[in-house]
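One structure is given below, encoded as structure tokens.
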Amino acid sequence: MDLIGFIIICIKVVVVFAATMLAVMGMIYAERRISAFIQHRLGPNRVGPKGLFQPLADGLKFLMKEDIIPAAVNKPLYLLAPAMLLIPALMTFAVIPFGSSLTLFGRQISLQVADINIGVLYILALTSVGVYGIVLAGWSSNSKYPLLGGLRSSAQLISYELAMGLAIVAIVLMTGSLRLNDIVTSQQGHLFSWYVFKQPVAFLIFLIAVYAETNRLPFDLAEAEQELVGGYHTEYSSMKFAMFFMAEYANMITAAALTVTLFFGGWDIPFVDEAAMGNWGALLSGIAFILKTAFFLFLYIWVRWTFPRFRYDQLMNLGWKVMLPLALLNIFITGGILTIIS
Amino acid sequence: MATVVKSYEPTFRDKLYIPALFQGLMLTFKHMFKKKVTIQYPDEKHVPPEGYRGLHRLNKYPDGRIRCVACEMCAAACPAHCIHIVPEPSPWEEGKERYPVRFDIDLLRCIFCGFCEMACPEKAIELTEIYDFADYSREGLWIDKAGLLEIYELTKTQNYYTVPNDE
């Protein structure tokens, strides 16, 4: 790889990282405002115009707080856990294509940090590693509520990971590739070439599983403020606590982007040929991607303030008795139809 | 006669749960645009309804003389024993014979029951609509005769909270 190529990749990494962190801040603001609106309240509206600087104030507050490490914790793991959660959450975004390709000074730049041919596997692997952060935090805290939270999280992991993976398998079957860029290009054309219309069952399963994956309501059993005090992060304070939240929101952003990539055509604008429009097409596709992702992020918040939490056994029932058989059946049918067509 | 209560049999549509989920989402979406109930307190103040029992005041006659005759009925009626009156013969030639030299209310003890205004034969003590009179010291919540008369001046013509601030 030449030097310029290396610099370009560095710039892309910085841009994606900055955009993700900015989106995390935006999400913290949006969550607080939208939850307030749903409950007929105003939400934070004092810091800056319309309260837009509230996340900065929140972050500053977390930095100023005393960082307490309880005496009974398993120190190395306790310190590792927040990073274990946050780093995979940020790394996952690397393979998601957020636009078609730019052409600058005769050089083609694809709007994606790393175009690896096992993108889907990479994402599945990293999001699963993220759950270890929660389990470790729960276990190393050496306290009953975090332990219960970690335990629930691991139980959630095994009941959802399968259904989610199998839902994606149906997409992979149709595309014939694990590369996310290929999945996006195979959805180009008109609106109904998006996989959400071709694979509605897979989409539903994936969407539900992704809520469990990111520990959001109605599947936030690992946190469950009302029953578990704070769940896995009860013993954490100051910036370590903030890291759990940054990780949660970063995970949501990645999950929303992944949902868009797999089922809503990624950066594709229906009926528009982005490649023919050059750099403007790249810009438009990037905006389309951001808008689609923003919708799914809004959906996260919307769902959180609408549905009550699932009980532990209800979650197991849904995961093992409904979603897993449904996902298997979906693969079976998809495979059958594909065989007949070819 | 015993009646048979039919239990609700979920239909296929119910068992899918998806339509119900969508219904729920639409409900919260509608609520997002409803009127907000928040009152942004220091900027805008809640106006209590008629009959609200807040801070006390001592009423005056139109000529400026205090209505109170220091009969101590209010102090006797007070379940919290928060009213302290020192009576004296009035300095005026005609009219009432007694008046209070001191009329103190310990607001920390007061339970704002309104018994004092009911007990008062002269309609001298009344509860106003003022609710935000918090203070940093115990002394600050001990209101004397001058203070009570001042509250009367503030509230005699209009509601304390409908008066525009900073004027």
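Assorted remarks:
- Complete set of residues in the stretch A:213-232 that are over 16 Å from the mean Cα position of the chain (by Cα), of a type in the set (D, E, K, R) and over 12 Å from A:TYR312 (Cβ atoms): A:GLU223, A:GLU225
- Boolean, A:LEU204 is open to solvent by 30 Å² or more (accessible area, probe 1.4 Å) and farther than 22 Å from A:LEU86 by Cβ: yes
- Being closer than 23 Å to A:GLY176 by Cα, in a helix (DSSP H, G or I) and either among the β-branched types (Val, Ile, Thr) or free of Cβ contacts under 8 Å to residues at least 12 places away in the same chain (or both) is a property that A:THR259 has.
- Residues located in the stretch B:81-101, provided they are in contact (Cβ under 8 Å) with a residue 24 or more places away in the chain and more than 21 Å from B:HIS56 (Cβ to Cβ): B:TRP92, B:GLY95, B:GLU97
- Subset of the stretch A:281-297 (residues that are within 14 Å of another protein chain (Cβ to nearest Cβ) and open to solvent by less than 70 Å² (accessible area, probe 1.4 Å)): A:PHE296
- Residue within the stretch A:210-226 that is more than 14 Å from every other protein chain (Cβ to nearest Cβ), farther than 25 Å from A:GLY26 by Cβ and outside any helix (DSSP H, G or I) present: yes
- Of all residues in the stretch A:298-315, those satisfying the criterion of being in a helix (DSSP H, G or I), open to solvent by 40 Å² or more (accessible area, probe 1.4 Å) and either more than 14 Å from chain B (Cβ to nearest Cβ) or closer than 16 Å to A:TYR160 by Cβ (or both) are A:TYR312, A:ASP313, A:GLN314.
- Check on B:GLU129, in a helix (DSSP H, G or I) and surrounded by 12 or more Cβ atoms within 10 Å (Cβ to Cβ): no
- If the condition is being surrounded by 16 or more Cβ atoms within 10 Å (Cβ to Cβ), more than 14 Å from every other protein chain (Cβ to nearest Cβ) and in a helix (DSSP H, G or I), then the stretch A:18-58 contributes A:THR20, A:ALA23, A:VAL24, A:MET25, A:GLY26, A:MET27, A:ILE28, A:TYR29, A:GLN54, A:PRO55, A:ASP58.
- For the stretch A:59-78, the candidate set comprises residues that are open to solvent by 80 Å² or more (accessible area, probe 1.4 Å) and among the hydrophobic types (A, V, I, L, M, F, W, C); within that set, the residue that is farthest from A:VAL24 (Cα to Cα) is A:ALA71.
- 2 or more residues surrounded by 10 or more Cβ atoms within 10 Å (Cβ to Cβ) and away from every other protein chain (no Cβ under 14 Å): qualifying helices (runs of 4 or more DSSP H) within the stretch B:1-118: B:12-16, B:73-77
The values are calculated or read from the model by the stated rules, or taken from the named source; none is laboratory data. Here the structure is a predicted model, which is why all the values come from computation and not from measurement. Cβ sites come from the backbone with ideal geometry, for glycine too, and all protein chains shown count toward neighbours. Heavy atoms of the whole protein, side chains included, go into the accessibility calculation; ligands, DNA and RNA do not. Shrake-Rupley method; radii C 1.70, N 1.55, O 1.52, S 1.80 Å.
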